[in-house]
Each structure stands twice: as structure tokens, then as C-alpha cells.
Amino acid sequence: MAVVTSPEAGQQNTQKLFQRYLRYLKDERRYSPATLDSYQRDLHQFIEFINAVNVTDCCDVDSLHIRNYAGSRRRRGVSARSLHRCLSAIRGFYSYLQREQLVENNPVADVSGPSIQKKLPKLLDVDEINRLLNEGPQNPLKLRDYAMMELMYSSGLRLAEMVNLNVDAIDLNQAQVQVLGKGSKTRYLPIGSNACKALKRWLEARNNIVVEGEFAVFVNNRGKRLSPRAVQQRMAQIGREQGLDKHVHPHMLRHSFASHLLESSGDLRAVQEMLGHADISTTQIYTHLDFQHLAQVYDKAHPRARKSHHADDQEITQNSFTDNSFPKDD
């Protein structure tokens, strides 16, 4: 454990370890820029808190400081989910310090956040997917938009994975895309026939838009790589144009891909690999979506499904989804 002789020395030690940890996350864990920004923001807020309570060296923090910090954040209106994320960042920081033998114990080890009601992800059914992708695009940007949606639904890409795709990652002859996912892990995914056709049409149109030296698959009207925000806006707009009563967003297509594939194949492990989930428990949430769909079919079609019991069954089903057993889907 670090020995400090003054508040200034404690602050310097904290900042030094803070920067070391961020470099570790970037260079060794290979976290994405967005994840690094989140960790940096959460840890910076925590350091400001311990300084305010006269703890200048992070190595002097104990579990009481952590509990006081969590209580302070809750009183300021921070959501349970955000607080869990903050505590996770701090827990990781002290796990790193413990591994480096700079602290004896992890002060966050025995501190848990408030309970979170887990919500099942919203998705589109097959009919809604067909409505969304039904319109024949008439201009290059529409070709791009439909190619993006077809690819996301065909292969289950994350938004960041799709906007970061370069043209050399797509092999239409083999109907395959190479994706760089979380933790810089590469996976190879099949591309469906409709997505291949949409991509071929877009790539031909892209040649007349893209600027020299730009390798992104999906570009804007200025020929530069498309931003995640632009993708979100375009998909929401197309959903409205197609008359869907849901807010369509990129992750909804990923959820729909996973749920429909699992419903058809029943192969949870294959769906896990295609989604790029490190832990199969993250993928298991789609088994509950599948059950929810089957329950709805049963209520509508089975001759012995009594309507008077439906409300009670729905309450039981919903209550079973509000515990902490489901991790946040990514």
C-alpha cells in the first residue's frame, strides 16, 4: 500500500494510478473508445468525491467510503443502472490495484448496488421486419439505408461494428462478413441472400459517392464514414415512413435477429457465438423472449386457454423478469 506524506502527494499518486489503469484498459484489455470514456468519467466522479471527504490517496479508500459514495449518487437522482455501472468501474479499478499489490483488499468487493428491474429488449416480429424492409429504394442513400438494415438483421451486428466496417471485411462471393467486436475480438458471420443483394446494389452506388482514401462500407452524402447517430436517425425515420408503431433503432434489429434465429433453431450456443457474447447468460435473455412469444400464441390459439387467467399469467411472467438474473444485453 502506498505511503503518503501530504495531501498533494496523495493526489499525485491517485492521478498516476488512474492514468495507469486507463492505459491498461486501452492497451491490454483493448476497450473501445466509448467504454474508455465511460470508465474515465465514472472514475473521475469518484475521485472528486473522495477528495471532497479528505481522502486524497485512492489507496486509502475503504468499503465505508464506497457505500457513502453510492448513497450520495442515489440522493442526487442517479439511476440504479447508472450506479451499477459506476460501481463496476470502481471495482475494476481496485481489482487492478490489488493485482498490482498496491492495495490489500478491494473495497468494492462486498458493496452491491440497488436492485434493477430488468426489461426484456423490444424487437420486431417477422411481419414488421418484412414491412420495414419491403420498400424498393430509389436513390443511393436509400440503397445504403436498406443495405444497413438488411445486414444488421441478417448477421446481428452491433451498431458500432457496422459503422466501423471497411469494404475489405465483406466477401459477397462467400456471403461472409468479418466483424471486429468488443475486446477487439474478430468473428466471421454469414450474410443472408437478401442482405447480399442489398449490399451489392449499395456498393455499386457507393463508388459514385465515396471520397478518395475512405474505406468505410457505409458513407454519408459527403462520402465520409457514416456516424452512429446518423444511422439511428435514418432507421427511426424509415420505421415511421413504413407505418410501424414502434421506435425502430439499430439494436432492435440485433434483438430481432437473435430472437428469430433462436426461435427457429433452438441453438443457444450458436446464437451466442454469432452475437459475440462472452457469457452465454447474456444470450439467455432471448429464451425468455421466445417463451413470451409462445405464451402469446397459446393464449390466442389454445382451446383451453382461459381468458380469465391471462392477467394473472401475465403478472407472473412479468414478475419473473424483474429479478437480477439477466445481465444487460450488449
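Derivation of every value follows stated rules applied to the coordinates shown; laboratory data play no part. All values reported here derive from a predicted model rather than from experimental measurement. Quick reminder, even Gly has a Cβ in these numbers, built from the backbone with ideal geometry, and neighbours come from all protein chains shown.
A few points about this structure:
- The phi torsions of the stretch 200-209, fed into the Karplus equation with coefficients 6.51, -1.76 and 1.60 and a -60° offset, translate into couplings of 4, 5, 5, 4, 5, 6, 4, 4, 8, 10 Hz, rounded to whole numbers, with Gly and Pro shown as x.
- Checking the Cα-Cα distances for K26/K182; K200/K224; K26/K185; K224/K246; K182/K246 against a 22 Å cut-off, the pairs over it are K224/K246; K182/K246.
- Rounded if a/c under 1.5, otherwise prolate or oblate - the stretch 44-96, Cα gyration tensor axes: oblate
- Selection from Q178, G192, L165 lying farthest towards where the dipole of the stretch 126-275 points positive, charges on Cβ: L165
- About the Cα centre, charge dipole magnitude for the stretch 1-55 (Lys/Arg +1, Asp/Glu -1 at Cβ), debye: 220
- Rounded if a/c under 1.5, otherwise prolate or oblate - the stretch 191-238, Cα gyration tensor axes: oblate
- Multiplying the residue separation of R23 and N221 by 0.36 nm and subtracting their alpha-carbon distance yields 67.7 nm.
- In this simple spin-label approximation, V167 and N105 carry label points 7 Å from Cα along the Cα→Cβ vector, and these lie 6.0 nm apart.
- Size descriptors for the stretch 126-275 (Cα atoms only): Rg and Dmax, in that order, 14.7, 45 Å.
- Full extension of the chain between R229 and E204 gives 6.6 nm of extra length, using 0.36 nm per residue less the Cα-Cα distance.
- One decimal place: the segment Q98-N68 gains 8.7 nm when fully extended, by the rule 0.36 nm per residue minus the C-alpha distance.
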